[in-house]
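What follows is one structure encoded as structure tokens, with my remarks underneath.
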Amino acid sequence: MKTRIFKQLGAAAVGMALLATTACGSPAATTATETAAAESAGFPLTLEHAMGSSTIETVPKRVVAMDPSYIDAALLLEADLVGYVQYRQDPNSPFAPYLGDVKEATKDSVNVGTLAEPNLEKILELEPDLIVSAKVRHEALYPQLSKIAPTIFSVSTGPTWKENVVFLGEALGKKAKAEELVKAYEDRARKVGAAILAKKPDATYSLVRFTGGDTARLYSTNSFIGEIMADMQIPRPKDAPDSEKEIFVPLSAEQILEGDAGLVMVSAYTPPGAEGDKARAQQEKFQSNPLWERLSGEVINVDDGTFLASVSIQGAHAVITDLAKHYGVDPQLP
């Protein structure tokens, strides 16, 4: 996504920054001042995005993230996350376990409704200075959101999850940091993947998910897990069903052998209630089919919230850690 940055830092602001730096006696204070000055130097900033362009006057201090991947990205980049959409069913644990302990970072964060039905009044009350989401999520709400605060939308959240971290990083004045975090993830993925392939040169993978429909989902190379495995350089089986446009290929129970691989990862979307019950029933139906027993690969269950729903750097790191443990190789933890 092309961006245009307009730097309008006046002489007075520069003078104030220099004066503050001179007045600080300690190296720590000087460093903090220099960091703040560096971040603010790119503002006002005009950012082109999926819905047009938005001008952010100053470094955003109050961010509302309206998609789970952007919640994770905001926390990754240490933004002030004042508002977030609910994306987990457990009210006592609104943030994903793979994020680690984020209680301090989210102690003042407010739930602004569900992903499908965000509460615009709550968002307005928070007085944000940046709202971030995706066109695929909230295109219809963009006119209202952009009246509340500068609002930036990526086109999607799934296939562009790494680019979206840099996109948000730029809006926060932290583009370089965002790029470093993406590179660190990619370096780790490559190292762990190389260790797995050194141990098992013929390693291949597939991921089959149950969501309660008539068909199971075989995730493509265009999906979140597909990109992680590509970064690890672990391939899909030759001639496996795939899609360059969709994140999964539907498989009927009779087609389940098309999901075979050296490692067959299995997950199910099982929220409380009828929706989760349907997914469990579908999984039981597929796995009771005699064809399921003919899968030649190693079949393992994986966490749906991490391997499918996270769509973030933190989630990808958790996937790598789990796969390193499964294969018995060094997880290359930071």
Pairs under 8 Å by beta carbon, first residue outside the structural domain of residue 270 (by TED's automatic domain parsing) and in a strand (DSSP E or B) in segment 207-229, partner at pLDDT below 95 and among the acidic types (Asp, Glu), six or more apart or different chains? none
Segment 56-96, subset of a type outside the set (A, V, I, L, M, F, W, C) and under 12 Å from the mean Cα position of the chain (by Cα), residue farthest from residue 118 (Cα to Cα): 72
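Look at residue 277 and say whether it is in the same structural domain as residue 209 (by TED's automatic domain parsing) and either part of a loop (DSSP other than H, G, I, E, B) or in contact with a Pro (Cβ under 7 Å, 6 or more places away or on another chain) (or both). Step through it out loud before you land on a result.
Numbers: in the same structural domain as residue 209 (by TED's automatic domain parsing): yes; either part of a loop (DSSP other than H, G, I, E, B) or in contact with a Pro (Cβ under 7 Å, 6 or more places away or on another chain) (or both): no.
Spelling it out, it is not the case that residue 277 is in the same structural domain as residue 209 (by TED's automatic domain parsing) and either part of a loop (DSSP other than H, G, I, E, B) or in contact with a Pro (Cβ under 7 Å, 6 or more places away or on another chain) (or both).
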Please go through segment 228-243 and pick out each residue that is at negative phi, surrounded by fewer than 20 Cβ atoms within 10 Å (Cβ to Cβ) and of a type outside the set (Ser, Thr, Tyr). 230, 231, 235, 237, 238, 240, 241, 242
Mind checking which residues of segment 156-167 are surrounded by fewer than 18 Cβ atoms within 10 Å (Cβ to Cβ) and modelled with pLDDT under 95? 158
Do we have any residue at all in segment 146-164 that's free of Cβ contacts under 8 Å to residues at least 40 places away in the same chain, of a type outside the set (Gly, Ala, Ser) and closer than 20 Å to residue 86 by Cβ? yes
With the condition kept exactly as written, say whether any residue in segment 85-108 is free of Cβ contacts under 8 Å to residues at least 24 places away in the same chain and of a type in the set (Val, Ile, Thr). no
So which residues in segment 244-254 are closer than 20 Å to residue 227 by Cα and buried (at least 16 other Cβ atoms within 10 Å of the Cβ)? 247, 248, 249
Evaluate the following for residue 257: is it surrounded by fewer than 18 Cβ atoms within 10 Å (Cβ to Cβ) and outside the structural domain of residue 216 (by TED's automatic domain parsing)? no
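The values are calculated or read from the model by the stated rules, or taken from the named source; none is laboratory data. Predicted, not measured: the structure shown is a model, and the values here were computed from it. Neighbour counts are summed over all protein chains in view; Cβ atoms, including those assigned to glycine, are modelled from backbone coordinates with ideal geometry.
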